[in-house]
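Below: the structure, in structure tokens.
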Amino acid sequence: MNRYSNQPILRTCNVCRKWFMAVAGSKYCSNGCHFRAHVLVADGCWCWTGSTNGIKNYGIFRMGRSGQKFYAHIFSYMLHKGVIPDKLQVLHRCDNPNCVKPSHLFLGTQDDNVKDMVGKGRHKYIAHLGEKNGNALLKTVDIIEIRRSTKTRRELAVQYGVTMRCIKAVRAKQNWKHVI
Ligand SMILES: [Zn+2]
Ligand SMILES: [Zn+2]
């Protein structure tokens, strides 16, 4: 039996469309492109469409074949801006844990993190959520409708043009907590 494949596989990357030599099953030319495949690029926040760590809503990126897991916002920071010095954390200017937009991320200490949260207070946090956030696809009336509706997650996702994950989050009140 021949231990060698006849030819390597040449594919175009699903994200950047460049040609690359693919190992079996890979659709992306790099970990960076694999990452970008899960990002909804927008004028406002860039939402992470991959998995999250549940209620806190931080994006989780599983890299490569080993499936090593990283926080998506930290991965994004390193991908676009470079290394994170010791003892510093990647924080969000926008208070949206799910956001991975490089310009919304900055470095700070644990102390800064606490001060930042206290300084911003609950009021500003609420103002940022929902319709006032430029990235929001759903309006307050939609949220109320989704929570009342007896339709399935899939039906609602199609109707509103959002992901099923998003519908689930709305119903579980992970997002739009300020809407009853
Ligand atoms: Zn690529
Ligand atoms: Zn953001």
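The values are calculated or read from the model by the stated rules, or taken from the named source; none is laboratory data. These numbers come from a predicted model, not from an experiment. Don't worry about glycine lacking a Cβ; one is built from the backbone with ideal geometry, like all the others, and counts go over all protein chains shown.
Of note:
- Subset of the range 24-53 (residues that are away from ligand 1 (no atom under 11 Å from the Cβ), in contact (Cβ under 8 Å) with a residue 24 or more places away in the chain and over 20 Å from SER103 (Cα atoms)): THR52
- Unique residue being over 23 Å from MET164 (Cβ atoms) and of a type in the set (A, V, I, L, M, F, W, C) when the list is PHE35, PHE106: PHE106
For (1) modelled with pLDDT under 90; (2) more than 8 Å from ligand 2 (Cβ to nearest atom); (3) at negative phi, each residue gets a yes or a no:
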| residue | (1), (2), (3) |
| --- | --- |
| HIS92 | no, no, yes |
| PRO97 | no, yes, yes |
| LYS101 | no, no, yes |
| HIS104 | no, no, yes |
| ASP111 | yes, yes, yes |
| ASP116 | yes, yes, yes |
| ARG122 | yes, yes, yes |
| ALA127 | yes, yes, yes |
| LYS132 | yes, yes, yes |
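- Qualifying residue in the range 39-51 (condition: out of contact with any helix residue (DSSP H, G or I) (no Cβ under 9 Å at 6 or more places or on another chain) and more than 16 Å from ligand 2 (Cβ to nearest atom)): no
- One residue stands out in the range 79-89 among those that are surrounded by 13 or more Cβ atoms within 10 Å (Cβ to Cβ), of a type outside the set (Val, Ile, Thr) and within 20 Å of the chain's Cα centre (by Cα): the one that is farthest from HIS38 (Cα to Cα), namely GLN89.
- Among the residues here, ILE60 qualifies as assigned by TED's automatic domain parsing to the domain that holds ARG93, over 24 Å from LYS18 (Cβ atoms), surrounded by 13 or more Cβ atoms within 10 Å (Cβ to Cβ) and in contact with a Ser or Thr (Cβ under 6 Å, 6 or more places away or on another chain).
- Inter-residue pairs, beta-carbon under 7 Å, first over 23 Å from CYS45 (Cα atoms) and in the range 127-152, second surrounded by 14 or more Cβ atoms within 10 Å (Cβ to Cβ) and at pLDDT 70 or above, 6+ apart: ARG147/VAL170; ARG147/ARG171; SER149/LEU156
- Restricting the range 63-78 to residues that are more than 23 Å from GLN110 (Cβ to Cβ) and not in a loop (DSSP other than H, G, I, E, B), the residue that is nearest to the chain's Cα centre (by Cα): MET63
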